[in-house]
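Worksheet: one structure, shown below.
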Amino acid sequence: MKMSDGVEQAIHSVAMLSGLSEGGVLSAAALAEFHGVSTSYLLKHLQALSGAGILDTVSGPKGGYRLAKAPKEISLLDILLAVEGPAPAFRCAEIRQRGPNPVSDHFFSKPCNISVAMLRAERVYRAELAKTSIADLGVELAALDDGSIAARGCAFLELHERKTAR
């Protein structure tokens, strides 16, 4: 299964926004700079996250993005669905019914067993994503970090975080 680059960018951006202080926001340009990605491409995904209720958008010259809910309330599945949409990754086109020498229609009264297996696997995959929150990722990262990753993020936020009223 291949996801768009937007999923990775969205998850990293939400994780970065979880480090903001109360009332702080980051611009799309700042998030893009921190992650070394295109602002215009990232902006599309930030808007999707806002539309899904994951991010709040603050307009104006001091505006930007911040989390709309607590990091523990935002799952990886929430982010995936906001960016990629709810459609399953596997879409059966019923090619088993095409081609020469067709067989009787009664063989097609049940769903394609390949489709059933793929959708079953996707349910497991989505259930795992639903169990992992942005807060969980932060805890895992803190356990690995020798302080370098936190220092990099804090230094960037010190320069780029905009303070607004909540």
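The values are calculated or read from the model by the stated rules, or taken from the named source; none is laboratory data. These figures come from a predicted structure and were not determined experimentally. Quick reminder, even Gly has a Cβ in these numbers, built from the backbone with ideal geometry, and neighbours come from all protein chains shown. These area figures cover heavy atoms from the full protein model, side chains too; ligands, DNA and RNA do not enter into them. Shrake-Rupley method; radii C 1.70, N 1.55, O 1.52, S 1.80 Å.
Largest to smallest in accessible area, the residues Met16, Met118 fall in the order Met118, Met16 (1.4 Å probe, all protein chains included). Taken about its Cα centre, the chain carries a charge dipole of about 540 debye when Lys and Arg each add +1 at the Cβ and Asp and Glu each add -1 at the Cβ. Exceedance of the 21 Å cut-off in Cα-Cα distance is limited, within the set Lys2/Lys69; Lys44/Lys131; Lys110/Lys131; Lys2/Lys44, to Lys2/Lys69; Lys44/Lys131; Lys110/Lys131. Structure remark: mean-square fluctuation, Gaussian network model of the chain, C-alpha springs under 10 Å; the largest value among Val139, Val14, Val58 belongs to Val139. Loop-located GluC sites (Glu not before Pro) in the range 9-89 (DSSP state not H, G, I, E or B) with no more than 11 neighbouring Cβ atoms inside 10 Å: Glu22.
Each part gets one Cα centre, and for the range 1-65 versus the range 96-156 those centres are 22 Å apart.
Each other residue within a Cβ distance under 14 Å of Arg120 adds +1 if Lys or Arg and -1 if Asp or Glu, for a net charge of 0. Net charge in the neighbourhood of Arg152 (other residues with Cβ under 12 Å of its Cβ; Lys, Arg +1, Asp, Glu -1) is -3. Considering only Cα atoms, the convex hull volume of the chain works out to 146 Å³ per residue.
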